[in-house]
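First comes the structure, then the notes that go with it.
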Amino acid sequence: MKHTLPTRYDHRSVEAQKYETWLKHDLFRAQNTNKPPFCIVIPPPNVTGKLHLGHAWDTALQDIIARFKRMQGYDMLWLAGMDHAGIATQAKVEARLKEEGISKYDLGRQGFLDKAWEWKHTYADFIREQWATLGLSLDYSRERFTLDEGLSEAVKKVFVDLYNEGLIYQGERIINWDPQAQTALSNIEVIHKEVEGGMYHFRFKVVGSDEVLVVATTRPETMFGDVCVFVHPDDPRYTHLHGKTVVNPASKREMPILCDSYIDMSFGSGAMKCTPAHDPNDFNLAQTHHLDKVLCMNPDGTMNELAQKYVGLDRFDCRQALVAQLQEEGLVEKIEKHIHQVGHSERTDVIVEPYLSKQWFVKMKPMAEAVLKKQKEQGMNFVPERFEKTFIQWLENIEDWCISRQLWWGHRIPAYFHKESGDILVSLTPPQDSENYTQDEDVLDTWFSSALWPFSTLGWPDTSSSDLQRFFPNSVLVTGYDIIFFWVARMAFMSEHFMHELPFKDVLIHGLVRDAQGRKMSKSLGNGVDPMEVIETYGADALRFFLTTSSSPGQDLRYMEEKVEASWNFINKLWNASRFVLMNCPDDFKAEEALLSEASELDGWLLTKLETTIKSVTEAMEAYDFGLAGSTLVNFTWNDFCSWSIELAKVPLNGSDEKVKAVTLNTLVFTLKAILKMLHPFMPFVSEEIYAHLSDEISISVSEYPTSFLTSHVDVSRVDRLTSLISALRELRLSQNIKKANDLSIQLQDDQGRPYTLSEMEADILVKMVNSKEGEINPEGALTLPILSASVIVSMHEHMDVSEQVAKLEGLKAQLEKEMARSKAMLSNESFLAKAQPSKVEAEKAKASEYERQYETILAQLTALLTR
RNA sequence: GGACGCUUAGCUCAGUGGGAGAGCAUCUGCUUGACGUGCAGAGGGUCAGGGGUUCAAAUCCCUUAGCGUCCACCA
């Protein structure tokens, strides 16, 4: 199997064609075999555009889990899918139409939907291409779309069932209205931003007296919708005004002064104007006091006829004009700067108008309570744990969910109104006498269908679906903390309600990708990074490795190109190590596990480290701690495997003993294969490429994940001593400026001061790596240095710079003194000896004696040098 | 107003009860037959401040400060 790789890792050629091959061999399809099931459903990306770095991160994490579990022997289902993304997609399609000078009304509902589907197909293809470029092991045979036929049936059934159970209702309420998109929004689609506005204090003349009542507001234009002024019943300032009326300075209409203990006497003037149709609190007051609720705006955010001469004017233009008018009329007491939180639409970013409107709602309290109860009993395991709190607190304070949207792109609400009686019929199918009914024009919030994703994608409402039985609850959900409310919580209550189980065993939460300065990536800042461009430069493997190993769970991640480059460098290192191993494999070489039993000390040393690495990597992978798994793998590969074992192995590999050669090579190949397998979930392409040279298996992705293999303890102390010796001699050469050409003569003593002799192999290694060998010591210039559980005596000839060496030893001495002091303090502490774990005490004693030994050596050497 | 996170080497971040770590950057030496995208070394930190618990605290608790995020209807 003699192969040579190109000297430089070329991600482009390595990553080409592999994905197609994987798909051709159908490696990613869950098979429903007797293997244990493991299931992840992808958080469906919106069909609005290209995937960004956040998607790359989220999906790379899932792919790591999927590939890991597949290799561990699970029947892995990673279900592909996409979201129709109601408002977002409709806005994009509308914007494109606008460029062509077409309005959606020109096309009509069906014509517009045709355009939207065209859009969907284009972007779905685009997304699939990007998934392929990222190397994601998705099961496309089960790919779903939130608006496909099956999922639409699920949505309808959920709506009808919840309606019949009284958990969905239609109501006239203050909702968040987006005047640009002209649709209602749910509470969490409103982004509160700090805005500097004004607190306007207006004079309301009291009728029948020359008194004025000062009332403050932040939204003067809503005065056209005012119906009264409220004061606190116990407010002594206003007792004499009870029952009187005031003149609304905007509309000039008379309104009563009413009392309610809701009013905060200490806020502002203690008098509050009431606009029931434009403020939720005012609406509640109006309910209890049976007041009219009048809208003073149109759905597009312009003023209606109630605003009199301002009719048709935009709400904010009206505000400005009205304030100017009232200033002229002397009705403005004062205007203060006021910083407050103002709601903006998540999608259009316009200021949301609290607006009285008839909408559909989901009654949340009972469903949320059921989830909270279940979460307490047998909850989903949040990783990191703290996000469970976020989840719980939101559910504990939940309000009813406004689910109707005044859009066309989405699931149309299955409610039919009788044309004459107005009776409502909610049904899976249109009524028989459909000519007498009109269907509700609105569609459902896009999150309504996403909320069903963990079971609707598996075949629900067909409860006999084998996928549903096998893969629900899903094993793990991977998503960002930003959509815990939007999505995780909603999936939880829908699953609990319809499946009687919470949807996931584990919920892995990650952070957000930020730019190198720590800012959120956004279109307006123009600091977004296109994952496809990164892949072009560094390859998908390097990007994936960077994304998945550069942060700890739940923390945000800064995108830093240097780090992607570092990942690339690591892959190049792996590539070249593999190249070395392959170059040494003879044509007929076949790795044999049996040879491991004949492993040399050098082999045993590496295999012991490999064993430990397999254990800790597996543990980290199972805990979803990919940063730890990654750094463990880099350490082992770069330091233990490349820097030590390969360098050490060059001696036996260049030797004449064919048997030793074969065993050494076997160890290297065995280790390399294990490394590749452990790296495969992170870097599927390059691991596949290299593995193909080492194995006849169809793909590394269907190979077995490495497990514990050492059957007996291996004594690694000689190799540890050897590496310590090599390091000490390297350092000596550098600090003493001794060229490699000048050989060094050494002698060794063990930690008892007895002579210690190197084996033939060790001696050869020492010559090759540091040009040193055991031999006569020049008593005039001998230097004794401590190494790990031994000492080396070096014959120094004329090369030694005494003052340099003294300084070096003084430094070492100081360090050891510090450690010895610490150690001594601990060991002479009765409490420590009595209370600390016995193993800690033993470890400390061992350290103390090694320190002491090294200290003695240094002290003796220093004395010798100084008296020379 | 609540809740959460962060503060560790010049930069970006790990670590989380018993010897301060990595990558990048810096400095020194090296064309060693896998790799100069590399190799071998080195320097660099009162682990934000204060208090407490403990035999022992960068690590646990309290507190202060700074930065950040989320939630929240005060006109």
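Can you tell me the orientation of helix A:802-827 relative to chain A, as the angle in degrees between its alpha-carbon axis and the longest Cα principal axis, to the nearest 10?
With rounding to tens, the tilt is 60 degrees.
Charges on Cβ only, +1 for Lys and Arg, -1 for Asp and Glu, centred on the Cα centroid of chain A; of A:Tyr624, A:Val794, A:Leu758, which one is farthest towards the dipole's positive end?
A:Val794
When N counts the residues of segment A:1-134, how does its alpha-carbon radius of gyration compare numerically with 2.2 N^0.38 Å, as a ratio?
In units of the globular-protein estimate, segment A:1-134 measures up at 1.40.
Let me spell out the model: positive unit charges on the Cβ of Lys and Arg, negative unit charges on the Cβ of Asp and Glu, origin at the Cα centre of segment A:714-776. What dipole size does that give, in debye rounded to 20?
340
I need two numbers for segment A:628-709: Rg to one decimal and Dmax as a whole number, Cα atoms only, in Å.
13.7, 41
May I ask which residue of A:Thr637, A:Thr857, A:Leu729 lies farthest towards the positive end of the charge dipole of chain A, with charges of +1 (Lys, Arg) and -1 (Asp, Glu) on Cβ and the Cα centre as origin?
After comparing all options, I get A:Thr857.
Measuring from centroid to centroid over Cα atoms, what is the spacing of segment A:436-474 and segment A:1-48 in Å?
Each part's Cα centre sits 29 Å from the other's.
Where the only charges are on Cβ atoms (+1 Lys, Arg; -1 Asp, Glu), what is the dipole of chain A about its Cα centre, to the nearest 20 debye?
820
Give me the percent of Cα-Cα pairs in segment A:346-456 that sit more than 18 Å apart, rounded to a whole number.
Distances greater than 18 Å cover 66 percent of the Cα pairs.
Going by how many other Cβ atoms sit within 10 Å of their own, how do A:Thr7, A:Thr618 line up, fewest first?
Ordered by Cβ neighbours within 10 Å, fewest first: A:Thr7, A:Thr618.
Is the shape of segment A:112-160 best called rounded, prolate or oblate, per the rule: a/c under 1.5 gives rounded, else a/b larger than b/c gives prolate, else oblate, with a ≥ b ≥ c the square roots of the Cα gyration tensor eigenvalues?
Note, shape of segment A:112-160 comes out oblate.
Once Rh for chain A is found with the Kirkwood sum over Cα pairs, what is the Stokes-Einstein diffusion coefficient at 25 °C and 0.890 mPa s, in µm²/s?
Rounded to a whole number, D works out at 74 µm²/s.
Could you line up A:Tyr355, A:Tyr9, A:Tyr140 from fewest to most neighbouring Cβ atoms inside 10 Å?
Listing A:Tyr355, A:Tyr9, A:Tyr140 from fewest to most nearby Cβ atoms yields A:Tyr140, A:Tyr355, A:Tyr9.
Which percent, nearest 5, of DSSP beta bridges in chain A are antiparallel?
Rounded to the nearest five, the antiparallel share is 75 percent.
Starting from 0.36 nm per residue, how many nanometres of slack lie between A:Trp394 and A:Val195 once their C-alpha separation is accounted for?
Separation in residues times 0.36 nm, less the Cα-Cα distance, equals 69.1 nm.
Taking the simple approach of a point 7 Å from Cα along Cα-to-Cβ for both A:Glu622 and A:Ser251, what is their distance in nm?
The modelled label-to-label distance comes out at 6.9 nm.
Taking only Cα atoms, what is the 0 to 90° angle, nearest 10, from helix A:658-679's long axis to the longest principal axis of chain A?
Helix A:658-679 sits roughly 10 degrees off the main axis of chain A.
Quote to one decimal, in nm, the extra length available between A:Val350 and A:Leu862 on full extension: 0.36 nm per residue of separation minus the C-alpha distance between them.
176.7 nm
Rounding to the nearest 10 and keeping the result within 0 to 90°, find how far the Cα-based axis of helix A:104-134 lies from the longest principal axis of chain A.
10
With just the Cα atoms of segment A:79-128, tell me how far they stretch along each of the three principal axes, in Å, largest first.
If we take the Cα atoms of segment A:79-128, the spans are 38, 19, 16 Å.
For chain A, with the dipole built from +1 on Lys and Arg beta-carbon atoms and -1 on Asp and Glu ones, taken about the Cα centre, which of A:Phe112, A:Ile690, A:Val702 lies farthest toward the positive end?
The Cα lying farthest towards the positive end belongs to A:Ile690.
How large is the helix-only mean residue ellipticity at 222 nm for chain A, computed as the sum of -39500 (n - 2.57) over DSSP H runs with n ≥ 4, divided by its residue count, in deg cm²/dmol to the nearest 500?
-13500 deg cm²/dmol
Mind putting a number on the dipole of segment A:724-868 about its Cα centre? Charges go on the C-beta only, +1 for Lys and Arg and -1 for Asp and Glu, and I need it in Debye to the nearest 20.
460
P(r) tail for segment A:231-319, what percent of Cα pairs lie past 16 Å?
For segment A:231-319, the share of Cα pairs beyond 16 Å comes to 61 percent.
Please report how far the C-alpha centroid of segment A:477-522 lies from that of segment A:532-599, rounded to the nearest whole angstrom.
Spelled out, the Cα-based centre of one part sits 30 Å from the other.
We did not get these values from a lab; they are worked out from the coordinates using the rules stated. Only a predicted model underlies this, so the values are computations on that prediction, with no experimental measurement involved. Using ideal geometry, Cβ is built from the backbone for each residue, glycine included, and neighbour counts are taken over all protein chains shown.
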